[in-house]
Amino acid sequence: MGGFFGTISKSACATDLFYGTDYNSHLGTRRGGMATYDKENGFTRSIHNLESSYFRTKFEASLPKFVGNAGIGIISDTDAQPIVINSHLGKFAIVTVAKINNIDELEKDLLAVNMHFSELSSGKTNQTELVALLITQGKDFVEGIENVYNRIKGSCSMLLLTEDGIIAARDKWGRTPIVIGKKDGAYAATSESSSLPNLGYEIEKFVGPGEIIRLRADELEQMRKPNEGMQVCSFLWVYYGFPVSSYEGKNVEEVRFACGYKMGQKDHSEVDCACGIPDSGVGMALGYAEGKGVPYHRAIAKYTPTWPRSFTPANQELRSLVAKMKLIPNRSMLEGKRILFCDDSIVRGTQLRDNVKILYDYGAKEVHMRIACPPLIYGCPFIGFTSSKSDLELITRRIIKELEGDENKNLDKYATTDSPEYKKMVSIIAERFGLSSLKFNTLETLIEAIGLPKCKVCTHCFDGSSHF
Ligand code: SF4
């Protein structure tokens, strides 16, 4: 997905920018970048590859060169950013959290009107540069950003560092978030509100879908009102978000806890304890334990110092290796126990297969699994949650193909909780991984835990409900 941070201050911004951007590191692992603006020195920009190293390690030494009171930074899961360009709107730097499905078509259109692309280092068109070019087609920034909203298929939130402040523009459906923080003499805009507290910012506002806000050191200016409709990604709460973060005023840890609590209250399985698969399963397991009235135990721990997220490596072998190496079982807590594990989701099942086997190897008597969301039936066309090119990477679709002979058949039936098709699919997953029992959360409980109306939340990967 990716995450960004921008800040504008009455004093030098580099330290806040550096740490604020770093606090988005859980959202991406490909490229990191920062740009600052200073009236005398203009724009300073730097981009590093993060595939084998961390943002802080890469940027720390060059921090003194980032002069100025305003800057933007990005942890990108896709292209190299920020892009800095000069245009009839003035010079500006831009970072995006975006997934653009019609990039080829847009590229063709732009070339046809004599525009050109210069960032071709990865062999593909840089989608942030494409967004910048779409913006420059407008007579002003608002018209340019609306051009992006109207023409891209997918999603795009962005920060623009201009010669007059930072412009924060959230995706028109609000699939990805932007939150604004404030402290004395400075404003910040970021994907994750967890970037704010340690830098002294308080949450000032959650930017609405399609809303455009200009930040100056001492004021916010609304340049475009938010749209009525919203489809904020429900997976932010289930998986992506850092526990301390909030979107639309709803805290990630609270939502995870509520998901688990509600499941625990209704669950009649007999287990000795609940345990969370780190990181995103922990909040849910704490809630489950409390809802069910069983102790929370840490029977599996994540080796946190070095392992990043597991689905990021493009190649399946490497993904499996990372999945296996980062979680370490604790024999002392497993032996002879009936353990219930909570996890955020089951995508391909690679990780689950390895985890369950090792739990039995280390003495667990029974291994039960509870999942925070419903089964993932549809690929994500909006934020690139599943990096897969084919829906068949989803374990659900592979099973549907086995049962129906066609992975696209009767999807609505498999997406309906407790339908015969749903039950069959879940029992096959449980059997295949040797689970004593497996239950997925219902969509209703997930929505209840998030606390927003269903119509405001994207649940497409569970029920195929969004049109695109
Ligand atoms: S399809 Fe799923 S992962 Fe993608 S934006 Fe919607 S809820 Fe989020």
**Prompt:** Out of curiosity, is Ile83 under 15 Å from Arg31 (Cα atoms), buried (at least 24 other Cβ atoms within 10 Å of the Cβ) and in contact with a strand residue (DSSP E or B) (Cβ under 7 Å, 6 or more places away or on another chain)?
**Reply:** yes
Selection from region 415-429 of residues surrounded by fewer than 16 Cβ atoms within 10 Å (Cβ to Cβ), in a helix (DSSP H, G or I) and either within 27 Å of the chain's Cα centre (by Cα) or not polar (S, T, N, Q) (or both) yields Pro420, Lys423, Lys424
With the first residue restricted to region 50-68 and required to be in contact (Cβ under 8 Å) with a residue 24 or more places away in the chain, and the second required to be part of a helix (DSSP H, G or I) and charged (D, E, K, R), Cβ contacts under 7 Å at 6 or more apart or on different chains are Leu50/Lys58; Phe55/Asp22; Arg56/Asp22
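What about Ile203, is it in contact (Cβ under 8 Å) with a residue 12 or more places away in the chain, outside any helix (DSSP H, G or I), surrounded by fewer than 22 Cβ atoms within 10 Å (Cβ to Cβ) and among the β-branched types (Val, Ile, Thr)?
Working: in contact (Cβ under 8 Å) with a residue 12 or more places away in the chain: yes; outside any helix (DSSP H, G or I): yes; surrounded by fewer than 22 Cβ atoms within 10 Å (Cβ to Cβ): yes; among the β-branched types (Val, Ile, Thr): yes.
The answer is yes for Ile203.
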Among residues of region 229-282 being hydroxyl-bearing (Ser, Thr, Tyr) and under 24 Å from Cys455 (Cα atoms), the residue nearest to the ligand (Cβ to nearest atom) is Ser234
Cβ pairs under 6 Å, 6+ apart or interchain, first in region 161-185 and touching a residue at least 24 places away in the same chain (Cβ under 8 Å), second basic (Lys, Arg) and crowded, with 23+ Cβ neighbours inside 10 Å, ordered by first then second residue, are Ile178/Arg170
Residue pairs within 8 Å by beta carbon, gap of at least six or interchain, first lying in region 447-468 and in a loop (DSSP other than H, G, I, E, B), second more than 11 Å from the ligand (Cβ to nearest atom) and among the polar types (S, T, N, Q), listed first then second, are Phe468/Asn101
Condition set of a type in the set (A, V, I, L, M, F, W, C) and surrounded by fewer than 24 Cβ atoms within 10 Å (Cβ to Cβ), scope region 15-39, selection modelled with the highest pLDDT: answer is Phe18
Selection status of Thr7, surrounded by 20 or more Cβ atoms within 10 Å (Cβ to Cβ), of a type in the set (Val, Ile, Thr), in contact (Cβ under 8 Å) with a residue 60 or more places away in the chain and within 30 Å of Met115 (Cα to Cα):
no
When restricted to Ser157, Ser195, the only residue of a type outside the set (Phe, Trp, Tyr), under 20 Å from Gly68 (Cβ atoms) and modelled with pLDDT of 95 or more is Ser195
Counted residues in region 136-161 being within 16 Å of the ligand (Cβ to nearest atom) and either part of a strand (DSSP E or B) or surrounded by 22 or more Cβ atoms within 10 Å (Cβ to Cβ) (or both) come to 5
Only one of (1) small (Gly, Ala, Ser); (2) under 30 Å from Trp173 (Cβ atoms); (3) more than 16 Å from the ligand (Cβ to nearest atom) does not apply to Ser427, and that is (2)
Quiz item: Residue check: is Leu376 in contact (Cβ under 8 Å) with a residue 60 or more places away in the chain and outside any loop (DSSP other than H, G, I, E, B)?
Solution: no
Every listed condition ((1) away from the ligand (no atom under 16 Å from the Cβ); (2) touching a helix residue (DSSP H, G or I) at 6+ places or on another chain (Cβ under 9 Å); (3) of a type outside the set (A, V, I, L, M); (4) not in a helix (DSSP H, G or I)) holds for Phe385 save (1)
The residue from Pro305, Pro295 that alone is loosely packed, with under 14 Cβ neighbours inside 10 Å, more than 16 Å from the ligand (Cβ to nearest atom), modelled with pLDDT under 95 and not hydroxyl-bearing (Ser, Thr, Tyr) is Pro305
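The values are calculated or read from the model by the stated rules, or taken from the named source; none is laboratory data. The model shown is predicted, which means the values in this text are computed figures rather than measured ones. Neighbour counts are summed over all protein chains in view; Cβ atoms, including those assigned to glycine, are modelled from backbone coordinates with ideal geometry.
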